[in-house]
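Following: one structure in C-alpha cells, then a few remarks.
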Amino acid sequence: MLAEAPVTHTEFLEQVEAYALGALEPDQARAMAAHLAEAGTHPECEAALRRAQETVAALASDLSPVQPPAGVWQAIASSVSAAPEPAARERRRRPVPGWVYGLAAAALLLLVLGFLRYQAVSSSEAMAKAAAAQCARELADAHVDLLRKEDALKLLVEPGTQVVSLARQAAAAPNQTGTGVVLYHPRGRALLIGQRFPADPTRDYELWIIRDGPPVAAGLVPSSPDGQVLTDFRPELLAGGRPAAFAISVEKKGGSTTGKPDTVILVGALGPR
Amino acid sequence: MSAHGGEDSVLVQGVARGESSALEALYRRHSPRLYALLLRMLGQGADAEEILQESFVDVWKRASEYRPTRGAVEAWLITIARSRAIDRLRSRGARLRLVREREQQAPDVAVTPEPPDVHAHTRLRRALDALPVEQRRALELAYWDGLSQREISEQTGDPLGTVKTRVRLGLQRLADLLAG
C-alpha cells in the first residue's frame, strides 16, 4: 500500500487485523481510518473490524484488573468540566436537581404504561404496572438506570419500532415466571424489557434470535436482585436481516454450550410491518 | 466481552449527550481492566495514569463516533487506550532496544490486583497456546510492545511480508479459537 494512498475494499480487509492491533505505520493507519469513514456502504469492512477489534480486546481478558489511583478520575472530571462540549451534545445542560429525575422517571413510566395500554397488550399491562413501582424506586436511586430507561423509551416511541410480546411456553417450569416484551427496530436494535428473572446461582437465562435456520444465541440475560431486566440482544447478530422471532431459554450457568437452546420458556414472533 | 454490553452502549449515548455521570459510570466499570492493560504496556509510573486519563477525556469528546456495529464498547475503549499507549511507546524512542532488554527481565508485577476472570484466562491461554509460535510471537510484539509490522520485521529478522501474514493469520485463528 502506498503512503496515504486511498485504500480499496480488498486492501482494507487484508490489513484489518494489523489495523486493529495498531501494527500499521501511521500513514497506513490514517488511510485505513479514511476508508472506514466512508465505509457506511461496506458492512463487510465493519464486520471484519468488529471481529478483529474484539479479538484484540480479548487479548487483555486474562489481566487481573487493577484499581487506578483515585486522583485519575478526579483529573478526568476536572478535564471534562473544562473541555469543550462533546460533538453530539444536543444542547447545553445545566445541573439537574435530583427531584427532576424522579419526575422524569414517573413520566417515563406513565408513557410506557400508556403505550402498552394503547397496544392492547393486556398481559403486558399487568407486568408494566407491577414494574412501575419498582422502577420508580430504582430510577430515583441510580442515574445510570435513568439513562437506560430513557433509552428504552426513546426506542419505544421511535418510528418503526415494533413491540413483540413474549409468550410463555409449555416447557417453562412453574418457578420460571419470567415475562417481558422485546422492542425491535429494523436499524438493528432489539431490547428486552422483562421482569421476574431472579438471579439463580445454578442457571442463566439466554436470549435467542430465530430466522430461517437454527436459533442463534444472542447473549445472557443479566441477573438483578429484583428480577427486572433491560438488556440488548447482541447488535451484530441483528445486522443479518429481520428476525422471525425472539426467544428466551433456561440454561446451565454460563449459557448454552451446545449452540442450541436447552429449555425455551418464552417466544415472541415478529409480525409483518 | 463485557457482560454489560447493552448498558455500556446506553452509557456511551449518555456521554455523547454530555452526561458526566455516564462517563463516570463507564470509568468505574472499565478503568480497572484498562489500567491493568496500560501498566502491562507502559510499566509502572505516571505514564499509565496519564494515558488512562487522556483516554477517558477522549471518550468524552468522541462518544458520538461510537458505532455498535464496529464492536462492543469495551473493545472500543481498549482501542482508544492502546492507540494512545502505542503513541507514548513510540515517542520514547529506542524502542526496539528497550523491547530486547525487557524480554530478558522478569515480567512486571501488577499492584493490588483484583481476582482475574479465571474462565477468560483459561480460554485465552488455551487459544494462544494453539497458535504457531511465530504467529503468537508476532501478535505479542504488536499487542504488548506496540511494534508495527515493520518494526517486528526488524526485531525478528523475518521478511516484512512474512510478518504481515503471521499477524493476519494469527489474529484470524485466535478469533476462531476464542469463538469455538
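Filtered by the rule that a residue be facing another protein chain (nearest Cβ under 7 Å), in contact with a Ser or Thr (Cβ under 8 Å, 6 or more places away or on another chain) and in a helix (DSSP H, G or I), region B:63-76 gives B:P68, B:E74.
Meeting the requirement of 3 or more residues that are within 10 Å of chain B (Cβ to nearest Cβ), the strands (runs of 3 or more DSSP E) wholly within region A:215-273 are A:229-232.
From the set of residues in region B:17-45 that are of a type in the set (K, R) and more than 7 Å from chain A (Cβ to nearest Cβ), which is least open to solvent (accessible area, probe 1.4 Å)? This residue is B:R29. Determine if region B:35-47 includes at least one residue that is within 14 Å of the chain's Cα centre (by Cα) and without any contact (Cβ under 8 Å) to a residue 24 or more places away in the chain. Within region B:35-47, one or more residues are within 14 Å of the chain's Cα centre (by Cα) and without any contact (Cβ under 8 Å) to a residue 24 or more places away in the chain.
Considering each residue of region A:239-273, count those that are more than 25 Å from A:R196 (Cβ to Cβ) and touching a residue at least 40 places away in the same chain (Cβ under 8 Å), and give that number.
The first filter runs over region A:239-273 and keeps only residues more than 25 Å from A:R196 (Cβ to Cβ), leaving A:239-242, A:244, A:257-259, A:272-273.
Of the ones still in play, those that are also touching a residue at least 40 places away in the same chain (Cβ under 8 Å) are A:239, A:242, A:259, A:273.
Result for region A:239-273: 4.
Note on region A:201-227: residues that are open to solvent by less than 60 Å² (accessible area, probe 1.4 Å), in contact with a Lys or Arg (Cβ under 8 Å, 6 or more places away or on another chain) and not aliphatic (A, V, I, L, M) amount to 4. The one condition from (1) closer than 22 Å to A:G259 by Cβ; (2) not in a strand (DSSP E or B) that A:R187 does not meet is (1). Criterion applied to A:A244, A:A217 was being closer than 24 Å to B:V10 by Cα and of a type outside the set (D, E), and the one residue passing it is A:A217.
When B:S91 is tested against (1) out of contact with any helix residue (DSSP H, G or I) (no Cβ under 9 Å at 6 or more places or on another chain); (2) in contact (Cβ under 8 Å) with a residue 12 or more places away in the chain; (3) more than 7 Å from every other protein chain (Cβ to nearest Cβ), exactly one condition is not met: (2). Only one of the numbered conditions (1) under 19 Å from the mean Cα position of the chain (by Cα); (2) at the interface with another protein chain (Cβ under 9 Å from one of its Cβ atoms); (3) modelled with pLDDT under 60 is violated by B:D108, and that is (2).
Residue-wise test of (1) part of a helix (DSSP H, G or I); (2) of a type in the set (S, T, N, Q); (3) at pLDDT below 90.
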{"residue": "B:E24", "(1), (2), (3)": "yes, no, no"}
{"residue": "B:S31", "(1), (2), (3)": "yes, yes, no"}
{"residue": "B:R40", "(1), (2), (3)": "yes, no, no"}
{"residue": "B:Q44", "(1), (2), (3)": "no, yes, yes"}
{"residue": "B:K61", "(1), (2), (3)": "yes, no, no"}
{"residue": "B:I78", "(1), (2), (3)": "yes, no, no"}
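Where residues in region A:175-187 are more than 18 Å from A:G271 (Cβ to Cβ) and touching a residue at least 40 places away in the same chain (Cβ under 8 Å), which of them is least open to solvent (accessible area, probe 1.4 Å)? Per the stated criteria, the residue is A:G178. Return yes when B:R84 is open to solvent by 50 Å² or more (accessible area, probe 1.4 Å) and within 21 Å of A:E54 (Cα to Cα) and no when it is not. Yes.
Take the residues of region B:129-152 that are polar (S, T, N, Q) and open to solvent by less than 20 Å² (accessible area, probe 1.4 Å): which is modelled with the lowest pLDDT? Step through it out loud before you land on a result.
In the first step, residues of region B:129-152 are kept if they are polar (S, T, N, Q); the result is B:135, B:148-149.
Narrowing the set further to residues that are open to solvent by less than 20 Å² (accessible area, probe 1.4 Å) leaves B:148-149.
Working: B:S148: 93, B:Q149: 96.
My answer is B:S148.
The values are calculated or read from the model by the stated rules, or taken from the named source; none is laboratory data. Note that the structure is a prediction, hence the values are computed from the model and not measured. Neighbour counts run over all protein chains shown; Cβ positions are idealised from the backbone, glycine included. Ligands, DNA and RNA are stripped out before the accessible areas are found, and what is left, the full protein with its side chains, is counted by its heavy atoms. Shrake-Rupley method; radii C 1.70, N 1.55, O 1.52, S 1.80 Å.
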